[in-house]
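Got a structure here, written out as structure tokens. Questions coming.
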Amino acid sequence: MESYNETSTDFILLGLFPPLGIGLFLFILIVLIFLMALFGNLFMILLIFLDTHLHTPMYYLLSQLSFVDLNYISTIVPKMVYNYLTGNRSISFTGCGAQSFFFLTLGGAETLLLTSMSYDRYVAICFPLHYPIRISKRVCVSMIVGSWIMGSINSCAHTTYALHIPYCQSRAINHFFCDVPAMLTLACMDTWVYEYTVFVSTTLFLLLPFIVIASSYGRVLLAVSRMQSVEGRKKAYITCSTHLTVVTFYYVPFAYTYLRPRSLRSPAEDKVLAVFYTILTPMLNPVIYSLRNKEVLGALRRLIQRIGFVKM
């Protein structure tokens, strides 16, 4: 079989939308979700920046999560929209590598940020007197920087491998973005060693953080059940439930996709699962954290009052 290893050869993204009328409906729905995610995450970042009451480690981490989600969905959806509107489904070799790099970097950073947020809530509820020491500004910055660095290192390794293997005649990626496992189905070589590294990487960036999150919230729920204050228990339960909702929508489809061997995977199922962690989660995060958080709603009221006072 003839192989191609020239960086000038484009890939073809087969996309998410079927050619029939349902495709137009899905296209409009995805665009609306993208706009909600865009403005929702921008709103969270600006609100946290403008309101000094939200200048705490928890909300610094939340602002970083919004920043990640904003870039995460922007890495994928604009290219999908462009391909659908123009009918040109090609993406350059370099563009595919860049999309894969940013997707993996942002995905890895998000998993570690969610883990940091669970640790923050664990310390705040289980060790409130130690909170200023355990979650100081320096520790918070270290968790944020560490999330970005580790996500970038993991992404560099996977993207470099994907860009240096020979690809066969077919350059059609059966996905709506340059997902490395989907790209490897086009490889002209045995990639079983790399598939093992994907399993290891998924374990490190998904399973272990998920165990940490589950352990943290298990301890939190145990501590909450012993609280005498009904209001305190209610607030803690709301905080835990919002975080666990985000974790479920993000980790479960992601882990299920990448932990399965290639023989058990199907392109159609992978694309549906990818919608959860690439498109839906970035839209849901600001909605969940704003509508179910009294401090965020309070900051929004103060901002509206401030704007109204300035106009007067």
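Any idea which of GLY218, ALA299, MET183 is furthest toward the positive side of the dipole for the chain, if Lys and Arg beta-carbons carry +1 and Asp and Glu beta-carbons -1?
ALA299
So if we plug the beta-carbon distance of ALA98 and LEU259 into 1/(1 + (r/R0)^6) with R0 = 25 Å, what FRET efficiency do we get, rounded to 0.05?
For ALA98 and LEU259, the calculated efficiency is 0.45.
For THR245 and ILE149 in the same chain, what is the full-extension length gain: residue separation times 0.36 nm, less their Cα-Cα distance, in nm?
Taking 0.36 nm per residue and subtracting the Cα distance, the gain is 32.0 nm.
Sticking with this one: Applying 1/(1 + (r/R0)^6) with R0 = 30 Å to the Cβ-Cβ distance of PHE43 and LEU163, what FRET efficiency is obtained, to the nearest 0.05?
0.25
What does the charge add up to near PHE17, with Lys and Arg as +1, Asp and Glu as -1, over the other residues with Cβ less than 11 Å from its Cβ?
Net local charge, PHE17 excluded: +2.
Can I ask one more? Could you list which residues have their amide H under 5 Å from that of HIS175, counting only those 5 or more apart in sequence or on another chain, with H placed in the peptide plane?
Answer set, sorted by chain and number: LEU14, GLY15.
Between 0 and 90 degrees, rounded to the nearest ten: what's the tilt of helix 230-259 against the longest Cα principal axis of the chain?
10 degrees
So for region 3-152, averaging the separation of alpha carbon pairs under 8 Å that are six or more residues apart and normalising by length, what relative contact order in percent results?
Relative contact order, region 3-152: 30 percent.
Once a ≥ b ≥ c are taken as the square roots of the eigenvalues of the Cα gyration tensor of region 193-312, is the result rounded (a/c under 1.5), prolate (a/b larger than b/c) or oblate (a/b not larger than b/c)?
oblate
On full extension of the chain, what length is gained from TRP192 through LEU29, given 0.36 nm per residue of separation minus the C-alpha to C-alpha distance?
In short, 55.0 nm is gained.
Oh, and also: On a full-extension model of 0.36 nm per residue, what is the gain between ASN88 and TYR237, subtracting their alpha-carbon distance, rounded to one decimal in nm?
Going from the current span to full extension adds 48.8 nm.
To the nearest 10 degrees, how steep is helix 208-225 against the longest Cα principal axis of the chain, on a 0 to 90 scale?
On a 0 to 90 degree scale, this one is about 20.
If one takes the longest principal axis of the Cα atoms in the chain, at what angle in degrees, from 0 to 90 and to the nearest 10, does the Cα axis of helix 93-126 lie?
Roughly 20 degrees, rounded to the nearest 10.
Another question, if that's okay. Would you rank MET36, MET283 by solvent-accessible area, highest first, keeping every protein chain in place and using a 1.4 Å probe?
MET36, MET283
The values are calculated or read from the model by the stated rules, or taken from the named source; none is laboratory data. All figures in this text were calculated on a predicted structure; none of them were measured in a lab. Backbone-built Cβ (ideal geometry, glycine too); neighbour counts: all protein chains shown. Note: accessible area is taken over every heavy atom of the protein model, side chains too, but ligands, DNA and RNA are not part of it. Shrake-Rupley method; radii C 1.70, N 1.55, O 1.52, S 1.80 Å.
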